[in-house]
Amino acid sequence: MKLEYANPESVNINSLGLSKIEELTQKAMEDKITAGLNMIVVRYGKIVYHKSFGKLNLSENSPSAPLDALYSVRSVSKPITGVIIMALYEQGLLDINDSVQKYIPEFQAEGKDAVKIHHLLTHTTGMCDEDMERYINENKDNFTFPGVIPTYLNSVKNRKEHLKWWLLSLRAPLTKPTGKEMSYCNTGYNILGFIIKIVTGKSISIYAKEHLFKPLGMNDTSYVKSASQIAGRVIERIPPEGQKISWMNSLGCFNRMSGCCSVSTTAYDLAIFGQMLLNKGEYDGKRILSEHSIELITTNQIPGVPAVYGSETFTEAAWGLGFNIQGVQSNYPTNKAYSHGGYAGSFLLIDPVLDLIIVTLKALNGDFTKDFGGLNEAVVDACTDYDDLKTR
């Protein structure tokens, strides 16, 4: 199945119900919460909603934001990393039950010998980004570089502060015992990016392009973009107070390689990625993963494990291999749905029961803690057969 455009009513979606999206977005732009939005709704492989809101830049005579606007989707990069890891697993290049130390001997501290790739994927390593940052700050002044720098760190080899940060982060102690609690950890997915480079000999950027983005036809998706590639395609956001430009508009935001948060893409490309998952690993005749791997990625792999996120505590984390899973959470359309969000306004929601994909890319302004909701709910409410399907 390949994406194609269709009328909402042809897939049991009420067009009038989708008008709520524009109402919510226009109000958010008036309130200066966001500079714009790009959204796609796909059902049964049909694109029934694809619109861009806002202007390209902050000038009075700015053109409208393009339908193919580029966004740095930040943590929505993590499911992409998960898919790559599982592809390497299927090829026999790694095992998700392997110890991280098998690939990265520098990953050293008490208890770290128990940390497996599976724990990195499910955020159950026992690592905590904030505690690692504290450890790095406490030890960076007395740090001595080793005689030999690991080749997977070549990209930061000539940037001493970055190299120091990574070598210290690999030595940082665990905060909790491995496997006992889910604690969302960006560093874990950066380590997965290193493992991809170690087993393939290619950066995550190059490997993803050759084995995922290009086969799927995700032609606007990458980790690294040039100034000419982003020109005229990135919505200018109102910067934080006291700053001249939002970092989300800088070239640096579109020129990084990380398993955690470095992918830039369009709503259309992200919908292709979602449809590949709904198709159980295949899109337009190209198979990326087996049905079994898709099942592992998109179902809860840590049943009974609690989670802590900021000041919130959850009795059950409900996490797959790169995705947040419906689990015990009540704010999902059905009990098979899975999703991932990203800093500053990106969100991907996939629901196999409704055969539904929602891609929401917001150009949030300044204070990225200010957001607006109701978009996903508007789409689900517009599904005229939702009541018949939601209990399946």
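The values are calculated or read from the model by the stated rules, or taken from the named source; none is laboratory data. Because the structure is predicted, anything quoted here is derived from the model rather than measured. Here Cβ is always computed from backbone atoms with ideal geometry, including for glycine, and neighbour counts include all displayed protein chains.
Odds and ends about this structure:
- Filtered by the rule that a residue be of a type in the set (Gly, Ala, Ser) and in a helix (DSSP H, G or I), region 50-103 gives 75, 77, 82, 87.
- Residue match in region 167-174 (condition: over 26 Å from residue 79 (Cβ atoms) and polar (S, T, N, Q)): no
- Residue in region 353-390 that is nearest to the chain's Cα centre (by Cα), counting only those that are in a loop (DSSP other than H, G, I, E, B) and among the basic types (Lys, Arg): 370
- Residue in region 246-265 that is without any contact (Cβ under 8 Å) to a residue 40 or more places away in the chain and either closer than 26 Å to residue 118 by Cα or of a type in the set (Asp, Glu) (or both) present: yes
- Scan region 124-149 for residues that are over 16 Å from residue 172 (Cβ atoms) and either assigned by TED's automatic domain parsing to the domain that holds residue 300 or crowded, with 18+ Cβ neighbours inside 10 Å (or both) and the total you get is 1.
- Strands (runs of 3 or more DSSP E) (entirely within region 264-348) containing at least 2 residues that are under 26 Å from residue 386 (Cα atoms): 338-342
- Test: residue in region 297-310 that is within 25 Å of residue 44 (Cα to Cα) and in contact with a helix residue (DSSP H, G or I) (Cβ under 7 Å, 6 or more places away or on another chain): yes
- Residue count for region 343-379 under the criterion of being farther than 20 Å from residue 65 by Cα and buried (at least 21 other Cβ atoms within 10 Å of the Cβ): the result is 9.
- Selected residue (criterion: farthest from residue 218 (Cα to Cα)) from residues of region 33-79 that are of a type in the set (D, E, K, R) and modelled with pLDDT of 95 or more: 55
- Here residue 19 fulfils each of the conditions (1) in a helix (DSSP H, G or I); (2) of a type outside the set (A, V, I, L, M); (3) touching a strand residue (DSSP E or B) at 6+ places or on another chain (Cβ under 8 Å) apart from (3).
- Test for residue 336: is it under 27 Å from residue 239 (Cβ atoms) and either among the basic types (Lys, Arg) or assigned by TED's automatic domain parsing to the domain that holds residue 119 (or both): no
- Some residue of region 316-325 being touching a Lys or Arg at 6+ places or on another chain (Cβ under 8 Å) and buried (at least 22 other Cβ atoms within 10 Å of the Cβ): yes
- Across region 222-260, the number of residues qualifying as aliphatic (A, V, I, L, M), in a loop (DSSP other than H, G, I, E, B) and within 30 Å of residue 283 (Cβ to Cβ) comes to 4.
- Among the residues here, residue 102 does not qualify as basic (Lys, Arg) and in the same structural domain as residue 253 (by TED's automatic domain parsing).
- Verdict on residue 155 being under 25 Å from residue 221 (Cα atoms), touching a helix residue (DSSP H, G or I) at 6+ places or on another chain (Cβ under 7 Å) and not basic (Lys, Arg): no
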